[in-house]
Amino acid sequence: MNVIEINNLTKIYNESEVKVKAVDNVSLQFEQGEFAAIVGPSGSGKTTLLNMIGGLDKSTEGDIVVDGVKIGELKSSKLIDFRLRNIGFVFQAYNLIPVLTAKENVEFIMELQGKSRVERDERSIALLSAVGLGERVNARPAKLSGGQQQRVAVARALASKPKFVLADEPTANLDSKSTETLLDIMEQLNKEENITFIFSTHDQRVVNKARRVITVEDGHVVSDERRA
Amino acid sequence: MKKTFIMAWRNIWRNKRRTLITVASIFFAVFFAVVMRSFQLGTYDHMIHQAIESFTGYIQIQDKEFFYEPSLDNSFEYTDEIVSSVKKVENVQVAVPRVESFALASTGLQSKGVLVTGIDPVKEKNLSNPENRIVKFRFTPEIVDQIIKEVELPEKQVELIKANENNSYSSFSRISLDMALDSDLEKILFPVIEQKASFESDYLNTNDDGVLVSDRLARYLKADVGDTLVLIGAGYHGMSAANIFPIRGIVKILSPELDNKLVYMTLENAQQFFSLGNRVTTLNINLEDPDEMVESQEDLQNAINNDQFTVKNWEEFNPTMKQQIEGDSVGGVIFIGILYFIVLFGIVGTVLMMIAERKRELGVMVAIGMAKVKLSFVLVFEMLFLGLIGTLSGLAASAPVVVFFNRNPIKMTGEMSKMYEDMGFDPVMPLAWFNDYFVWQAVIVMIMVIIACYLPLRRVRKMNVIKALRA
């Protein structure tokens, strides 16, 4: 079953006199439980594509259907709520809330969803334990290494029980060991909880782990390779 | 909501220095505004107390024409009917009849126009209470020399005693205030003052044929207790009024203007002197609750229900003082307004910096699903915390100052003192006790915070998440 359907998606930037086609007539489908990487050189349009899938950016043409909902037609406040309930985000620069502890960062999204305190407590501790940070639940981001912060970010992304997780260059700021650990954790969560992961990445180690690799160049999908 | 509070509280301490500077600016604004306003209001209260509550009363009942032409010809019959009508009004604390008119006073050496005030010596104790103002101590240059030689005093008190040379006092408490005495110095100095500077002066009896003369007037006329005062004036319907009166006592009136011209005599004596029969010029009324003055004025007018009389409040029969207070008050409010306006820009600057620094963080919160309204609450709470810390600390710091200077008013000296005296007021500045003005500072800061919130909230509402994430 398709979780995401992308139909003839185009994004044109009009920031200067020259119009730039960042994404050009892309159509893709993602099924539940995929572990996919969107790869391509800088400026190829992979981050723009990811932002549009996540409802952070609007398309110029085409539409994205998530679980039967055309997200381009949602109003701003509805779209925010849609993201809260359906999409998990992992950013390149971790982007944790610095004044909250690791556990509070993970709980935060569940609190926005209106989950009970007991449920928040249980799930946040379980997720942090799953990413190997069971002992650092009360540490603030400034006290964690880059790899640890990114693992908290993954736990946060999964806290809301999203339909899929979008990860924009999640390993770009991490060393090899942290990258390896993070990818193992995400792969394990993908398999155990059947959550769809979509990465945009340059990192060959991520590509190697991915079971589907979509290559984007100049806004076009030039290849879409599925692996066993 | 709890997490919103926690985030807001922790956010304001992310940049401690900036928070402390912002809080300090609010603290100082609130502190100075409270102290300044308290000084102003305290001074007004003092002016009203000495000129209104302690002399004219808050309300006067007069003949209708008297208000426009304050002459004895516009006096009225003092009857039991009007007394019983006034007594019916709840807020009336005291109502005393008076005869007030001008005459020329002379002791042979000097002469001066004076305000002759006929009073009921017993009833008047409830209003201006001249008995309480009878001069008990006089600091002549010789007496000051003797005191300084006899008692070892700190330099400051010696200077203050010298500065008060030729002054008269009706109480130890005023001596203590003027000479900045603490309880230890009072214990040393008061027995010596009692021994050296005591002054014999009497109050009027009910049927007394003598007069009380205000201190400054007595000094001008070079008159003393036991001397004779000649008064010449015009009586009711042009009758001539001339007589001699023995001086029974000297009274120290706080208001320098009145202290320069007041002569008290019994009501009966004044009615006889001015050929008034049973007539009086005013019925002076003090109120239990002066804040209800306008309502009481209406009640009195209704209770009297007679076209011959008019009921006036002090703002009507003393408009100069009202205008003086209003003018000064507006000046003070403008100054405080400027102070707060400057602080407002400081707060807005802080908020904008907070927003600019955290643009990406705010973008992330919206990206992961935080509604912009909830995010706005975080920012509003941050501002409220800053405002509350600054305001509460400012109020807390100003409270002891208000209490201290309310109990120990500042006695002005030098040119400032002269200026106050020229304006007819006692040169003393007490701070007003806690009142509406205290609460208003908190309200003003909260309004400023709400104004300062507008820009950040607008930015959050119009936030482009992609641009914020790239910041």
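Here are the numbers:
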{"quantity": "Boolean, A:Phe30 is part of a helix (DSSP H, G or I) and either within 18 Å of the chain's Cα centre (by Cα) or of a type in the set (Lys, Arg) (or both)", "calculated": "no"}
{"quantity": "Condition check for B:Ile21: farther than 18 Å from B:Asn313 by Cβ, within 14 Å of another protein chain (Cβ to nearest Cβ), out of contact with any Asp or Glu (no Cβ under 7 Å at 6 or more places or on another chain) and surrounded by fewer than 20 Cβ atoms within 10 Å (Cβ to Cβ)", "calculated": "no"}
{"quantity": "Residues of the stretch A:192-207 satisfying the condition of being free of Cβ contacts under 8 Å to residues at least 12 places away in the same chain and within 23 Å of A:Ile53 (Cα to Cα)", "calculated": "A:Gln204"}
{"quantity": "Test for B:Leu231: is it crowded, with 19+ Cβ neighbours inside 10 Å, at pLDDT 95 or above and on the phi < 0 side of the Ramachandran plot", "calculated": "yes"}
{"quantity": "Criterion (among the aliphatic types (A, V, I, L, M) and either at the interface with chain B (Cβ under 10 Å from one of its Cβ atoms) or closer than 23 Å to A:Ile214 by Cβ (or both)) met by exactly one of A:Val131, A:Val99, A:Val106", "calculated": "A:Val99"}
{"quantity": "Some residue of the stretch B:330-341 being surrounded by 14 or more Cβ atoms within 10 Å (Cβ to Cβ), aromatic (Phe, Trp, Tyr) and under 29 Å from B:Thr43 (Cβ atoms)", "calculated": "yes"}
{"quantity": "Test: residue in the stretch B:379-392 that is among the small types (Gly, Ala, Ser), more than 14 Å from chain A (Cβ to nearest Cβ) and surrounded by 20 or more Cβ atoms within 10 Å (Cβ to Cβ)", "calculated": "yes"}
{"quantity": "Exclusive hit being of a type outside the set (Asp, Glu) and under 30 Å from B:Ile21 (Cβ atoms), set B:Ile389, B:Ile368", "calculated": "B:Ile389"}
{"quantity": "Qualifying residue in the stretch B:464-471 (condition: assigned to a loop (DSSP other than H, G, I, E, B), modelled with pLDDT under 85 and away from chain A (no Cβ under 14 Å))", "calculated": "no"}
{"quantity": "Matching option when the condition is within 14 Å of another protein chain (Cβ to nearest Cβ) and not in a helix (DSSP H, G or I), among B:Arg10, B:Arg14", "calculated": "B:Arg14"}
{"quantity": "Some residue of the stretch B:30-44 being within 30 Å of B:Gln93 (Cα to Cα) and touching a Pro at 6+ places or on another chain (Cβ under 8 Å)", "calculated": "yes"}
{"quantity": "Test: residue in the stretch A:9-21 that is of a type in the set (Ser, Thr, Tyr), away from chain B (no Cβ under 14 Å), crowded, with 21+ Cβ neighbours inside 10 Å and not in a helix (DSSP H, G or I)", "calculated": "no"}
{"quantity": "Residue list for the stretch B:311-332, filter: at pLDDT 90 or above, assigned by TED's automatic domain parsing to the domain that holds B:Arg37 and among the aliphatic types (A, V, I, L, M)", "calculated": "B:Val330"}
{"quantity": "Whichever residue in the stretch A:61-90 is touching a residue at least 12 places away in the same chain (Cβ under 8 Å) and facing chain B (nearest Cβ under 7 Å) and, among such residues, is nearest to A:Lys161 (Cα to Cα)", "calculated": "A:Leu84"}
{"quantity": "Output for the stretch A:135-185, where each listed residue is charged (D, E, K, R) and either more than 14 Å from chain B (Cβ to nearest Cβ) or free of Cβ contacts under 8 Å to residues at least 60 places away in the same chain (or both)", "calculated": "A:Glu135, A:Arg136, A:Arg140, A:Lys143, A:Arg151, A:Lys161, A:Asp175, A:Lys177, A:Glu180, A:Asp184"}
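The rows are residues; the columns are (1) touching a residue at least 60 places away in the same chain (Cβ under 8 Å); (2) away from chain A (no Cβ under 14 Å); (3) touching a strand residue (DSSP E or B) at 6+ places or on another chain (Cβ under 6 Å).
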position	(1), (2), (3)
B:Gln301	no, yes, yes
B:Ile304	yes, yes, no
B:Gln308	yes, yes, no
B:Gln323	no, yes, no
B:Gly332	yes, yes, no
B:Phe335	yes, yes, no
B:Leu352	yes, yes, no
B:Val373	no, no, no
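Per-residue answers, yes or no, for (1) surrounded by fewer than 16 Cβ atoms within 10 Å (Cβ to Cβ); (2) touching a helix residue (DSSP H, G or I) at 6+ places or on another chain (Cβ under 8 Å); (3) among the charged types (D, E, K, R); (4) within 26 Å of B:Lys312 (Cβ to Cβ):
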site	(1), (2), (3), (4)
B:Met7	no, yes, no, no
B:Ile26	no, yes, no, no
B:Ala33	no, yes, no, no
B:Asp45	no, no, yes, yes
B:Ala51	no, yes, no, yes
B:Gln60	no, yes, no, yes
B:Asp80	yes, no, yes, yes
B:Val83	yes, no, no, yes
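The values are calculated or read from the model by the stated rules, or taken from the named source; none is laboratory data. What you see is a predicted model; the values in this text were computed from it and never measured. Glycine also receives a Cβ, built like all others from the backbone with ideal geometry; neighbour counts cover every protein chain displayed.
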